[in-house]
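Report on the following structure.
The values are calculated or read from the model by the stated rules, or taken from the named source; none is laboratory data. Note that the structure is predicted; figures quoted are calculated from it, not measured. Here Cβ is always computed from backbone atoms with ideal geometry, including for glycine, and neighbour counts include all displayed protein chains. Protein only, heavy atoms only, side chains kept; ligands, DNA and RNA dropped before computing areas. Shrake-Rupley method; radii C 1.70, N 1.55, O 1.52, S 1.80 Å.
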Amino acid sequence: MTSLRASLFALFILGCGGSPAPAPAPMTGGGAGSTGSGGGTGGGTGGGGSWLTTKSGAVWSSPDGVSFASRGRPTDANLLALVCVNHNDGWAAGTAGTIIGTHDGGAHWLVEPTNVDGTLRAIAFADPRLGLAVGDGGLVLRTTDGGDSWSRIATNSSIDLYGVAISRVDGQAWIVGADGVLLRSTDRGLSFAAPATIATQTLRAVRVTDSGLGLAAGDGGVLVFTRDGAHWSELGANLPVDLNGLSLSDDGQRALVVGAAGHIWRSVDAAVT
């Protein structure tokens with residue numbers, strides 16, 4: 001593991017792959033190193049229980065989260081975000097408009113056509129076919145065929161976007177980005193309403209459960225909460241460092257938020273404390 005740690009720069013880990021165990025509990029949303037939504041059982045042809053991507057385009061997988069095997073370098077692009085919907089299907093996104101996908105538990109990855117060259121910073125899937133990827137300059141890409149093709153979605157914003165979530169129930173979608181901006185879609189990501197400002201700082205990650213409970217986190221320790229997916233308000237938690245990622249349980253009661261300098265915060269009461 002020593003050589004692996006030395007070689008992985010800014011790695012992202014994800015609990016999915018070709019394990020015979022049940023798939024991870026569904027969690028809608030995406031971001032850097034985030035978990036996607038979906039379910040099912042394993043059966044990949046050589047993937048692992050965890051996947052890693054690096055800023056040099058390399059991909060690794062592990063059956064136990066301890067011993068990792070290289071799955072090659074399908075791209076030279078920096079891979080900045082990773083998502084899965086079950087133990088077989090997953091995608092990673094990064095610089096130069098790059099998206100790669102696997103359908104065999106991470107054993108093999110293929111570059112998918114996007115026809116854009118901007119940096120993609122977050123990716124999320126509602127199911128094995130419907131997905132969104134977002135990035136710099138208001139870039140939003142959408143697929144309805146599991147990544148075989150991606151189309152650009154027009155938005156009324158050119159601001160950098162850092163986090164995305166999609167409901168697996170009705171296809172609602174949420175995108176967060178610089179200066180506390182939120183973009184929301186009610187038609188499975190086909191169009192987005194005018195940008196709204198829901199925070200005083202840049203937002204880096206967002207998660208929303210099937211019931212509409214949601215959380216977004218970002219710079220300056222900002223946390224923003226919703227109970228219906230439509231109305232958001234700052235929690236005033238005053239966490240002392242920038243927040244870069246979060247995880248939210250399927251019922252919305254349990255949350256983990258991670259930030260600079262190794263800080264981790266945990267809530268077990270729907271982000272009340």
*Taking the Cα-to-Cβ direction at Thr186 and at Asp145 and moving 7 Å from each Cα, how far apart do the two end points lie in nm?*
3.0
*Please sort by residue number the trypsin sites (Lys or Arg not before Pro) in segment 102-197 whose DSSP state is loop and whose Cβ has at most 16 other Cβ atoms within 10 Å.*
Arg129
*Sulfur and carbon atoms: percent of accessible area, segment 83-210 [1.4 Å]*: 45
